[in-house]
Every structure is written in C-alpha cells, then in structure tokens.
Amino acid sequence: MFEERTLPEDVDAVRERNAPDALVLDCASDFESLAPAQAEDLGLLAESLDPLSYPAEWLPDDAPELLRRFASSDFVVGMPGDGSVAWTRQTVPPTVLVKARVQGSPDDFVDFLIAEALVEVGSGDPEHFLEFFGQRYLELDAALPFDSGSVYQIAAALYDAYLGLYTREAFADWEDERPRLFEAWRDAGERIEPRLEGLPGAMARDETDFADVAEFACSAVKHGLDLPAPFAALDTLAYRDHGAAYAVKWAEKTFE
C-alpha cells in the first residue's frame, strides 16, 4: 500500500527546513480516509503511532459519522477535503501521503503539493479543522444555515484559507532558492484566477452552492489572489491573528 517516495533536491530541501524527520509515502490507491487496516500499516513504517482524539461535546448532533470517528480514539488518517496529498502527525515521525490520484498530473505541480504539505506539517498548526475550531465548531454550525455535510465542507475551506495565509509566505520565498516550485505555485494561481473572477456571477445566478464556492475561494488564499465578497474578509492578518473566533464571526455576519 505504501512506498517511500524519492524526492527531488528542491523538495527535499523544503523537508529539511520544515519537517526534517517527515516520511513521504506514495499510496497504491486513492482514498478520502484510509481504511483501518491500511492506516495500521503505517505503523510498520513509523516509529510509533499517536492517534488524535477530541471531546464529543465539540460536535453537533448531526455531525457526519466520519468526523465523529476522527474525534474518537480511532486511528483515522485522511479526511474529505485533504486533496491529492494528505499529511498526519499521528505517526512519529509525521507522514505525508501522496495519493494515487496524482498520476497523470504534471511532476512540478505534484512536487509543489508535496512541498506545501511539508510546510504545513512544520507549521505547528492543527492537522484538521476540528482542532482549529474546537468547541467553536458548534458556534460555526449554528451560524451556517446549511446541512451537516455543507457545514463540514465550509469549515474545511475556512481552515484551508487560514493555513494559506501562512504557507503563501513560505512559497513567495522560493523564487530565488527554489524557482521550479515557485513557478508551480504561481502557475497554479494563474490557472484558477479566471474561475475565481467568475464566482460572483455564478453565485448571483445560483449556479453553484455556497459550500462549493467557499471551498474554491478559500483555496485561492494560498496564491494571494483577489477574492470576491464575502471571502475577501478572510484574506487578512486579523484572521491569522484571531483564528477560529474570527471565522465564526465572519460566518455570523455573512448570514445574519
């Protein structure tokens, strides 16, 4: 299921700077969350396992079952919204997981995604939005007039935006030291910019739902692109400084 990935020199340099002990593994299949037996296989490659668990009281009654499993003492690796490259600190050392879905993608872009994951691993920020929001996840759920699946999607998007405020600073520093990765980051931003510009019209015509728009707009934060309202309010130092409390207040003001 897992095989250690050989990293090019520039990606390995990102690892050395941000998460020098991290394992980077290719996965033989795609997944949102690893099946329990596959997750346990990580124990054969890691020194030890350190599963996360969170209070059940942080979750609303209708929270998705997988989120309940993640909050429990079960060893759950990978969650919906993680994208093509996931990471976890539930292994010692931390592990970056490159999913099979990256096959066919440009090598430079895949290497950028791995480098991004390594920056996130070394950031000290939580592995998942549930730890980021904590008991405020109940407040976010109350502020959003959507079903539990959409609330999950928006929460993941909001946390993605929060991480993006940090990671984009690291990416910008790559221009001289790691130009290949810098260009992959910039190219990815240029590719999504036209779609981003079309979001206000799509929302006005009810061509897409709010959760999908939030996911796309928040993913653009790491590229430093101009965001449409109401998401522009997330691209601020205030969000980076105040975190979950700011995100909840943003949701309350958006839907008051």
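Mind listing the long-range amide H neighbours of Val77? Cut-off is under 5 Å, sequence gap 5 or more, other chains count too, H placed in the peptide plane at 1.01 Å from N.
Leu34
So, in Å, what gap is there between the alpha-carbon centers of segment 128-150 and segment 61-78?
Cα centroid of segment 128-150 versus Cα centroid of segment 61-78: 14 Å apart.
By its C-alpha gyration tensor, with a ≥ b ≥ c as the square roots of the eigenvalues, how is segment 105-256 shaped: rounded for a/c under 1.5, else prolate for a/b larger than b/c, else oblate? Could the numbers behind the result be given before it?
Numbers: a/c = 2.06, a/b = 1.39, b/c = 1.48.
Oblate shape, in that a/c is at least 1.5 and b/c is the bigger or equal ratio.
If we count every other residue with Cβ under 12 angstrom of Asp108's Cβ, Lys/Arg +1 and Asp/Glu -1, where does the sum land?
On the way: positive: Arg178, Arg180, Arg186; negative: Asp10, Asp107, Asp111, Glu183, Asp187.
For residues surrounding Asp108, the net value is -2.
Which net charge results for the neighbourhood of Ala13, defined as the other residues with beta-carbon distances under 13 angstrom from its beta-carbon, given Lys and Arg at +1 and Asp and Glu at -1?
-4
Within segment 1-103, which GluC sites (Glu not before Pro) sit in a loop by DSSP and count at most 13 neighbouring Cβ atoms inside 10 Å? Show your work: numbers first, answer last.
Details: sites: Glu3, Glu4, Glu9, Glu16, Glu32, Glu40, Glu47, Glu57, Glu65; in loops: Glu32, Glu47.
The qualifying sites are Glu32, Glu47.
Which one of Leu44, Val119, Pro64 has its Cα pushed farthest toward the positive end of the charge dipole of segment 1-150, where Lys and Arg give +1 and Asp and Glu give -1 at the Cβ?
Pro64
Since every read-out is calculated from the coordinates, none of them should be taken as a lab result. Please read all numbers here as calculations on a predicted model, not as lab measurements. Virtual Cβ from ideal backbone geometry, glycine too; neighbours counted across all protein chains shown.
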